[in-house]
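The values are calculated or read from the model by the stated rules, or taken from the named source; none is laboratory data. Being a predicted model, the structure only gives us computed values, none of them experimental. Glycine also receives a Cβ, built like all others from the backbone with ideal geometry; neighbour counts cover every protein chain displayed. For the accessible areas, the whole protein counts, side chains as well, though only heavy atoms, and no ligand, DNA or RNA atoms are used. Shrake-Rupley method; radii C 1.70, N 1.55, O 1.52, S 1.80 Å.
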Amino acid sequence: MNNQDELRHRYLMNRRAFVGMAAAGAASPLLARAAAAQPAPKARNVVLVHGLFADGSCWSKVIARLQQKGINCTSVQNPLTSLHEASEAARRAIAAQPGPTVLVGHSFSGMIVSEVGVDPKVTALVYVAARAPEAGEDYTALAKNYPTPPATAGIVFDDDWGRLSEEAFLHDFAGDLPPEEARVLYAVQQPFKKSLTTEKTTNAAWRTKPTFYAVSTQDRTINPDLERFMAKRMGAKTIEIEASHLALISHPDAITILILEALAV
């Protein structure tokens, strides 16, 4: 790289950083106004559960915003081994909360929300582009009623453990994130056990708890029309976000506002 190229590179990097900071600054007043319009939270604890191809850090942007509002947050490190073990991890997190709690799940962990959300400490459920099966329902069979999302073809297995290829992760999972941010997330994705995707819940907590759903309209990991079907079937308060599967990262203000609504019920 010659001096001119180096200077141009530095300029572009500094400009990107400035634009990113400006965007973050612009989002804060929007979040503040929306939060001010919400009723005061009745619950002050949130347990967040991640899905496949991720780890607990995927909630970091939402956590930071909720903490600014005085909300106690816990992000579960989902083991992605079996529905039983994943559910037990969520149950431990719920048990550790000091009072009423909102349970939030992204993607596959909607299964966990449906399974453990019957806990009396849980006051509301939030699904973010998430699975929301009936008790005992075969989710794979349900999903076959809709066109197969592109990310499915990008899952690669090493014996019984699966993960997304880098190309599928960047294009089909995190398509609306800057490539440099998506690559960091790709590096921390946790492998999942193949049998996990065929397991069935025994509960449908959304039948008895106030429920909220964020549909990602540009989702290439779960079909958006399937998300709409599940949200409508639940009778959930539903929002639609023009986002990839990772709306919790690309649109954290919108997800935070939805969680604040759930905290107020």
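With every protein chain in place and a 1.4 angstrom probe, the accessible-area ranking of 237, 232, largest first, reads 232, 237. Within the shell defined by Cβ-Cβ distances under 12 Å, the residues around residue 66 carry a net charge of +3, with Lys and Arg each +1 and Asp and Glu each -1. Of all lysines in the structure, those lying under 16 Å Cα to Cα from residue 121, and not within fewer than 8 positions of it along the same chain, are 42, 209.
The accessible-area ordering, largest first, of the residues 161, 206 stands as 161, 206, per a 1.4 angstrom probe.
Apply 1/(1 + (r/R0)^6) to the Cβ-Cβ distance of residue 152 and residue 233, taking R0 = 25 Å, and write down the FRET efficiency to the nearest 0.05. E between residue 152 and residue 233, to the nearest 0.05, is 0.65.
Going by the alpha-carbon gyration tensor, a ≥ b ≥ c the square roots of its eigenvalues, is region 91-167 rounded (a/c under 1.5) or, if a/c is not under 1.5, prolate (a/b greater than b/c) versus oblate? In terms of gyration-tensor shape, prolate. With a Cα-only, solvent-free Debye model of region 171-222, what are the log10 I(q)/I(0) values at q = 0.20, 0.22, 0.27, 0.32 Å⁻¹? The Debye formula, applied to the Cα set alone, gives -1.00, -1.03, -1.05, -1.14. DSSP bridge analysis restricted to the chain gives an antiparallel fraction near 20%, rounded to the nearest 5. Diffusion coefficient of the chain by Stokes-Einstein, Kirkwood radius over Cα pairs, 10 °C, 1.306 mPa s: 84 µm²/s. Projecting the Cα atoms of 143, 208, 153 onto the charge dipole of region 114-255, computed from C-beta unit charges around the Cα centre, puts 208 farthest toward the positive end. Shape of region 145-263 from the C-alpha gyration tensor: oblate (a/c of 1.5 or more and a/b not above b/c, with a ≥ b ≥ c the square roots of its eigenvalues). Ordered by 1.4 Å accessible area with all protein chains kept, 112, 63 run largest first as 63, 112. Split the accessible area of region 31-187 by element, probe 1.4 Å, and carbon with sulfur accounts for 54%.
Over the chain, accessible surface divided per residue gives 46 Å², non-protein components excluded, 1.4 Å probe.
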